[in-house]
1. In the stretch 79-103, what residues are closer than 21 Å to residue 204 by Cβ and either of a type in the set (Val, Ile, Thr) or more than 16 Å from the ligand (Cβ to nearest atom) (or both)?
2. Just a yes or no: is a residue in the stretch 163-183 assigned to a helix (DSSP H, G or I), buried (at least 22 other Cβ atoms within 10 Å of the Cβ), within 16 Å of the ligand (Cβ to nearest atom) and at pLDDT 95 or above?
3. With 287, 283, 241 as the choices, which residue is of a type outside the set (Val, Ile, Thr), out of contact with any Asp or Glu (no Cβ under 9 Å at 6 or more places or on another chain) and at pLDDT below 95?
4. For residue 88, are the conditions met, namely being within 16 Å of the chain's Cα centre (by Cα) and either of a type in the set (S, T, N, Q) or farther than 15 Å from residue 226 by Cβ (or both)?
5. So residue 203 clears everything in (1) surrounded by 21 or more Cβ atoms within 10 Å (Cβ to Cβ); (2) near the ligand (Cβ under 9 Å from one of its atoms) except one condition, right? Which one?
6. State which residue is nearest to the ligand (Cβ to nearest atom) when the search covers only the stretch 137-150 and only residues that are in contact (Cβ under 8 Å) with a residue 60 or more places away in the chain and surrounded by fewer than 24 Cβ atoms within 10 Å (Cβ to Cβ).
7. Quick one: in the stretch 49-66, of everything that is touching a residue at least 60 places away in the same chain (Cβ under 8 Å) and of a type outside the set (Val, Ile, Thr), which residue is surrounded by the most Cβ atoms within 10 Å (Cβ to Cβ)?
Amino acid sequence: MALLIDIKYPDWLTDDDLRSELLSYTPQADIRIGADPGNLDEIEMLTVSTYFPGEALKYPNLKVIQKTGAGVNNILTDDRLPESIQVLRLQTSTSGVEMAEYALAYVLQEQRHMRLYQRQQAASQWISYPPRRAEDTRVAVLGLGRIGQLVARRFVDNGFQVLGWSRSLKQVAEVSCYAGDDDLPTLVAAADYVVSVLPSTEQTRGMFRQELFAHFNSSALFINVGRGDLVNESDLIAALDDDQLAGAVLDVMSVEPLPPESPLWLHPGVQLTPHISGYHLGDAIADIAENYRRLQSGEPLLNPVNRELGY
Ligand code: NDP
């Protein structure tokens with residue numbers, strides 16, 4: 001049995017680097033890399049970040065696809081993915097903490113008018129504005145999973161009023177929790193900041209569209225760290241142009257890398273980053289080695305994805 005690492009995202013993590021790290025946990029393992037996969041019949045576990053439709057079919061005895069992250073939509077949307085293949089994600093609190101930090105950084109930048117002061121400095125202007133108070137500010141966190149709860153906690157710890165939204169109703173300390181589609185318009189209307197930490201599924205794709213933006217508070221900032229295809233980007237631009245919301249911070253786009261011709265690049269209401277809000281995998285790498293061991297011994301694997309739900 002062999003594990004093939006074929007990440008296809010070398011700016012972030014190379015196959016060789018991940019292989020070395022996995023071998024430190026499991027030195028005897030047959031771990032191969034995309035550039036030299038050997039006999040494809042021997043590959044039973046595949047580790048990817050980028051995944052191409054039909055890729056699983058290259059390996060006749062493939063049993064498991066392990067994603068090097070939390071979002072598995074690029075794998076589950078492959079309509080040629082055999083039913084027998086188990087898809088695993090990583091549960092990484094390291095990148096969750098980074099994503100919480102990212103969202104908080106953009107919120108504090110607005111609370112303290114930092115972008116405005118940068119513009120004023122360029123014009124040699126000395127005008128002061130009162131900081132917005134955290135206790136008077138509502139942050140809605142959409143998605144209360146592993147990462148969403150870390151994001152919500154970070155805002156609670158910084159004194160914000162926090163609202164949370166998920167598919168099934170959750171109980172999270174000091175977070176006002178809501179669930180289901182009916183609650184969403186009221187929730188976004190109440191929020192000064194809307195932070196999306198949702199997965200891309202059949203239910204969530206395209207959910208940020210005109211009908212929902214119409215409920216946003218006109219001074220609200222929308223921060224998306226979940227997945228880009230949740231957003232209808234033309235509707236977002238139209239909503240910003242119509243002042244239905246004040247701005248958007250996008251770490252994820254519907255097409256990545258974002259094509260140079262996308263109007264998002266130059267829109268004054270949009271701040272973009274290249275899918276870096278959650279970056280490091282931290283200790284979660286050990287779970288890939290552990291899953292390799294469990295697959296060999298026939299034990300249940302860590303962090304399986306529910307293919308029906310799509311996350
Ligand atoms: P989880 O699977 O732990 O949680 C997903 C959350 O979304 C759950 O609370 C779930 O509800 C909720 N949800 C799913 N579908 C719906 C729906 N239709 N309506 C309302 N709520 C819904 O995921 P994580 O928290 O670990 O990760 C979230 C996403 O973050 C990933 O899927 C990935 O796309 C993205 N991500 C982005 C990164 C980046 O760098 N930008 C890095 C890592 C992840 P319930 O609790 O009821 O199941």
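The values are calculated or read from the model by the stated rules, or taken from the named source; none is laboratory data. All figures in this text were calculated on a predicted structure; none of them were measured in a lab. All Cβ positions, glycine included, derive from the backbone under ideal geometry; neighbour counts span all protein chains shown.
1. Within the stretch 79-103, 79, 81, 87, 92 meet the criteria.
2. Start the filter on the stretch 163-183 by keeping residues that are assigned to a helix (DSSP H, G or I), which leaves 181-183.
Those still in the list that are buried (at least 22 other Cβ atoms within 10 Å of the Cβ) too: none.
Within the stretch 163-183, not a single residue is assigned to a helix (DSSP H, G or I), buried (at least 22 other Cβ atoms within 10 Å of the Cβ), within 16 Å of the ligand (Cβ to nearest atom) and at pLDDT 95 or above.
3. Details: 287 fails: at pLDDT below 95; 241 fails: at pLDDT below 95.
Every option except 283 fails the conditions.
4. yes
5. Status for residue 203: all satisfied but (1).
6. Here the residue is 145.
7. To start, the set of residues in the stretch 49-66 that are touching a residue at least 60 places away in the same chain (Cβ under 8 Å) comprises 63-64, 66.
Subsequent filtering for residues that are of a type outside the set (Val, Ile, Thr) retains 63, 66.
Details: 63: 16, 66: 25.
For the stretch 49-66, the residue satisfying everything is 66.
Rundown of residues vs (1) under 30 Å from residue 27 (Cβ atoms); (2) surrounded by 14 or more Cβ atoms within 10 Å (Cβ to Cβ), yes/no style:
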| position | (1), (2) |
| --- | --- |
| 220 | no, yes |
| 254 | no, yes |
| 267 | no, yes |
| 284 | yes, yes |
| 287 | yes, yes |
| 291 | yes, yes |
| 298 | yes, no |
| 303 | yes, yes |
| 306 | no, no |
